[in-house]
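Participant: Just passing along the structure, written as structure tokens.
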Amino acid sequence: MPPEDWAPRDPGYAQRIERNFAAQGFMAHLGAALGDIAPGRVRIRLPIRPALTQQHGFAHAGAAWAISDSAAGFAAQSLMAPTDSVLTIELNTRKNLPAVGAV
């Protein structure tokens, strides 16, 4: 459960996130789908198919990075006022083992 100060400032935050996700052509291109939406938390599902793999057959890190970027932005947006927006200026990822299943 998120901290109490993670109260959404926009009662329609979930609908705004759904609308904004649907407007992202890149997520549609990847085949990503919006999952759970809660204050400070958004899950994006990405079924792995051959077009999203690297030379060893594992999910490409770029695909994981892309959905991580969108999920983090939408999670932040879930706590923002309806007129506020978010834009990534930096995102770091660390990889140790290949992903198995959906990212």
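The values are calculated or read from the model by the stated rules, or taken from the named source; none is laboratory data. Just so you know, these numbers come straight off a predicted model, no measurement behind them. When we count neighbours, we look across all protein chains shown, and the Cβ atoms used for this are built from the backbone with ideal geometry, even at glycine. Side chains included, ligands, DNA and RNA excluded: accessible areas come from the protein's heavy atoms. Shrake-Rupley method; radii C 1.70, N 1.55, O 1.52, S 1.80 Å.
Participant: At a threshold of 8 angstrom on Cα-Cα distance, excluding pairs fewer than six apart, so keeping six or more, what relative contact order does the chain reach in percent?
Facilitator: Relative contact order, the chain: 33 percent.
Participant: For the charge dipole of the chain, defined by +1 on Lys and Arg C-beta atoms and -1 on Asp and Glu C-beta atoms about the Cα centroid, which residue among 75, 28, 55 has the Cα displaced farthest towards the positive pole?
Facilitator: Checked the options; the winner is 55.
Participant: Over the chain, with the other protein chains present, what is the accessible area per residue in square angstrom, probe 1.4 angstrom?
Facilitator: Dividing the accessible area of the chain by its residue count gives 68 Å².
Participant: Which angle between 0 and 90 degrees, to the nearest 10, do you get for helix 61-77 versus the longest principal axis of the chain when only C-alpha atoms count?
Facilitator: It works out to around 0 degrees.
Participant: Would you mind computing Rg(Cα) / (2.2 N^0.38 Å) for the stretch 12-79, counting N as its residues?
Facilitator: Rounded to two decimals, the normalised Rg is 1.14.
Participant: Rounded to the nearest 20 Debye, what is the dipole magnitude of the stretch 1-98 about its Cα centre when Lys and Arg each give +1 and Asp and Glu each give -1 at the C-beta?
Facilitator: Dipole about the Cα centre, nearest 20: 380 debye.
Participant: Relative to the longest principal Cα axis of the chain, at what angle does helix 13-22 sit, 0 to 90 degrees, rounded to 10?
Facilitator: That works out to roughly 40 degrees.
Participant: Further, regarding this structure: Determine the share of the chain's accessible area contributed by carbon and sulfur atoms, expressed in whole percent, with a 1.4 angstrom probe.
Facilitator: 56
Participant: Which value in deg cm²/dmol, rounded to the nearest 500, describes the helix-derived mean residue ellipticity at 222 nm for the chain, given -39,500 (n - 2.57) per DSSP H run of n ≥ 4 and division by the residue count?
Facilitator: Theoretical 222 nm ellipticity from helices: -9500 deg cm²/dmol.
Participant: Would you grab the residues whose amide H sits under 5 Å from the one on residue 35? Only those 5+ places off in sequence or on another chain, please, with H modelled 1.01 Å from N.
Facilitator: 43, 44, 45
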